[in-house]
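Working notes for the structure below.
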Amino acid sequence: MFLSSLSKFYGFRNLTKISNLTKKDCFKFINQPLSTTFSLDSRFGHNGESLSQKKYWESCYNEKQINNEFDWLLDSNTVSHDVISCLENSKGQKILDLGCGNSSVSQKIIEKYCHAVNVHGLDYIPSVIDHQVKVHGMVKQGHPSSCFVGVIGDACALPYRDNIFDIIIDKGTMDSLLKDNIKVRRQKKTTLFLKESLRVLAPGGSFLQFTDEDPDIHHDALWSLISHLGLQRKFSLSCKLVESIDIYGCYMYSIKKLLK
Ligand SMILES: C[S@@+](CC[C@H](N)C(=O)[O-])C[C@H]1O[C@@H](n2cnc3c(N)ncnc32)[C@H](O)[C@@H]1O
């Protein structure tokens, strides 16, 4: 059951990759309206698949092609608003931004949230963690006890014990793993990525995935993955549209760990 739906999903992705090429390869700059999308191929020299490769990100960040702050898919004000709403509902305190890059989402959360919050930004590229730690030194905190912890680590093998984060943010990170053209490796990494995320999520907490993947396909695919991990009784899944223009939509998928 799982294998058939998942292979359908991954097979389908290869088709959608071609048919939605314009949509998939267009992203927007922070602080620019969604209509001013641009092709990353021309700006950063990636060919879709390279987004799944660590060496692409190393050269991207180390050669300063993406310098200072850069947010994929959605700007940090929009995302921090959704995260803070979720935090307020759950009275959570501990957040993990998985594959944080040099996004300013964690800064915005620490600035805007008036309760104490502890945000971990994790990425496997050391230079972006250095950048995050540096800019967080200048952030005006919404609460004096709030703090940021930069972590160099692999999102597929998280350096944390079980059940500790109230919110986990994935903005564009699983998307980049899904770009791998080698099916076995793509399935292995995305499965590990989700398994690890759900392991470190606290009961009552939410894994928030921001992506431009259409719910028609992606909702069922995520649920298949959760079922494959044998976790369907422990989690619920919902999705909402966050921003749209013409055919381009960005969504927030929320996977909630149910209280026992
Ligand atoms: C598409 S970017 C998104 C960056 C940021 N979340 C944003 O919204 O701007 C993907 C990020 O995930 C990081 N990444 C990809 N695979 C990773 C892994 N296995 N472990 C840790 N970081 C990873 C990359 O270095 C990159 O910074």
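Where a number appears in this text, it was derived from the coordinates with a stated rule and is not lab data. The model shown is predicted, which means the values in this text are computed figures rather than measured ones. Don't worry about glycine lacking a Cβ; one is built from the backbone with ideal geometry, like all the others, and counts go over all protein chains shown.
Taking amide H positions as modeled 1.01 Å from N, with prolines and chain starts lacking one, the residues under 5 Å from Val149 and 5 or more places away or on another chain are Val119, His120, Gly121.
With the simple spin-label model, which puts each label point 7 Å out from Cα in the Cβ direction, the Ile182 to Glu88 separation comes to 4.6 nm.
3J(HN,Hα) along segment 220-225, derived from phi through the Karplus expression 6.51 cos²θ - 1.76 cosθ + 1.60 where θ = phi - 60°, amounts to 5, 5, 5, 5, 4, 5 Hz, with x in place of Gly and Pro. With the Cα gyration tensor of segment 86-172 giving a ≥ b ≥ c as the square roots of its eigenvalues, does the rule (a/c under 1.5 for rounded; else a/b larger than b/c for prolate; else oblate) give rounded, prolate or oblate? Oblate.
Cut-off is 10 Å between beta-carbons; in what order do His143, His120 appear when sorted fewest neighbours first?
Lowest to highest Cβ neighbour count: His143, His120.
Taking other C-beta atoms within 10 Å as the exposure proxy, Val128, Val139, Val200 rank Val139, Val200, Val128 from fewest upward. Taking amide hydrogens as placed 1.01 Å from N in the peptide plane, the amide H of Leu201 sits under 5 Å from those of Asn163, Ile164, Phe165, each at least 5 positions away in sequence or on another chain. Normalise the Debye intensity by I(0) for segment 64-129, one equal point scatterer per Cα, no solvent, then take log10 at q = 0.15 Å⁻¹ and round to two decimals. Values, matching the q order: -0.46.
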